[in-house]
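Some notes on the structure that comes next.
The values are calculated or read from the model by the stated rules, or taken from the named source; none is laboratory data. Owing to the predicted nature of the structure, the values given are computational and were not obtained by experimental measurement. Positions of Cβ are backbone-derived with ideal geometry, glycine not excepted, and every protein chain shown enters the neighbour counts. Calculation scope for accessible area: heavy atoms of the full protein, side chains included, ligands and nucleic acids excluded. Shrake-Rupley method; radii C 1.70, N 1.55, O 1.52, S 1.80 Å.
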Amino acid sequence: MIRVLLAEDQAMVRGALAALLALESDIEILGTSPDGESAWCALQQLTPDILLTDIEMPGLTGLELAQRVQRHALPVKVVILTTFARPGFLRRALDAGVRGYLLKDAPAEHLAEALRQVHRGGRAIDPQLAQDAWGEADPLTDRERQALRLAGEGLSAAEIAQRLNLSHGTVRNYLSEAIGKLGVGNRIEAYRLARQKGWL
């Protein structure tokens, strides 16, 4: 049996995916999580073979969850299922050790086969996205990315500094560096461009 933990913040999608995969005779859904932090706790309790996760989730994103799995060397293979067909996301996912990257608009039967392929030790990556992923490199550091993401949520530099436990000046430097690297006029333009490229 392929033991799967499913992390997806949209309740209807989470239920539909769990029901779909439960139809497969060789796949067992150990549990489902509505966000990254609860998925992290469930990972350690349930020890699944595969973590199937969305990218955009409240708190801890699917990419951050994959990075944490990699840092702690957990014996679980991560597969991302997302609407984001952005090469930047795929590059970051691969850097985080993700074994599968699938799009939600792919045919349903592809998902179970991709999980089997990853379970056997292979990779399952959307082919067109894999081809596009090696075009433009992500210029942002992790800290610049964090500051920019919070700026895009409408937080001021002082609020970002408080959230990240950094000084106000350090946050302004991170935002200024990100704006310069992306060649735009302000933090909101930088946020939009970085999101469009899949770097946030």
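Looking at Ala7, Ala18, Ala42, can you tell me which residue is closer than 16 Å to Pro75 by Cβ, without any contact (Cβ under 8 Å) to a residue 60 or more places away in the chain and among the small types (Gly, Ala, Ser)?
Details: Ala7 fails: closer than 16 Å to Pro75 by Cβ; Ala18 fails: closer than 16 Å to Pro75 by Cβ.
Exactly one of Ala7, Ala18, Ala42 is closer than 16 Å to Pro75 by Cβ, without any contact (Cβ under 8 Å) to a residue 60 or more places away in the chain and among the small types (Gly, Ala, Ser), namely Ala42.
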Residues satisfying the stated conditions in segment 69-83, i.e. crowded, with 17+ Cβ neighbours inside 10 Å and closer than 22 Å to Arg143 by Cβ: Val69
Checklist (1) open to solvent by 10 Å² or more (accessible area, probe 1.4 Å); (2) closer than 29 Å to Lys197 by Cα applied to Ala7, failing item: (1)
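How many residues are in contact (Cβ under 8 Å) with a residue 24 or more places away in the chain and either of a type outside the set (Lys, Arg) or touching a strand residue (DSSP E or B) at 6+ places or on another chain (Cβ under 6 Å) (or both) if we restrict to segment 179-200?
Applying the first criterion (in contact (Cβ under 8 Å) with a residue 24 or more places away in the chain) to segment 179-200 yields 181-182, 187-188, 190-192, 194-200.
If we keep only those that are either of a type outside the set (Lys, Arg) or touching a strand residue (DSSP E or B) at 6+ places or on another chain (Cβ under 6 Å) (or both) too, we end up with 182, 188, 190-191, 194, 196, 198-200.
Number of matching residues: 9.
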Those residues of segment 150-181 which are among the aliphatic types (A, V, I, L, M) and open to solvent by 40 Å² or more (accessible area, probe 1.4 Å), in sequence order: Ala158, Leu166
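Would you mind stating whether Ala114 is surrounded by fewer than 19 Cβ atoms within 10 Å (Cβ to Cβ) and farther than 21 Å from Asn186 by Cα?
No, not satisfied.
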Only one of Ala112, Ala137, Ala194, Ala151 that is farther than 19 Å from Thr82 by Cα and assigned to a helix (DSSP H, G or I): Ala151
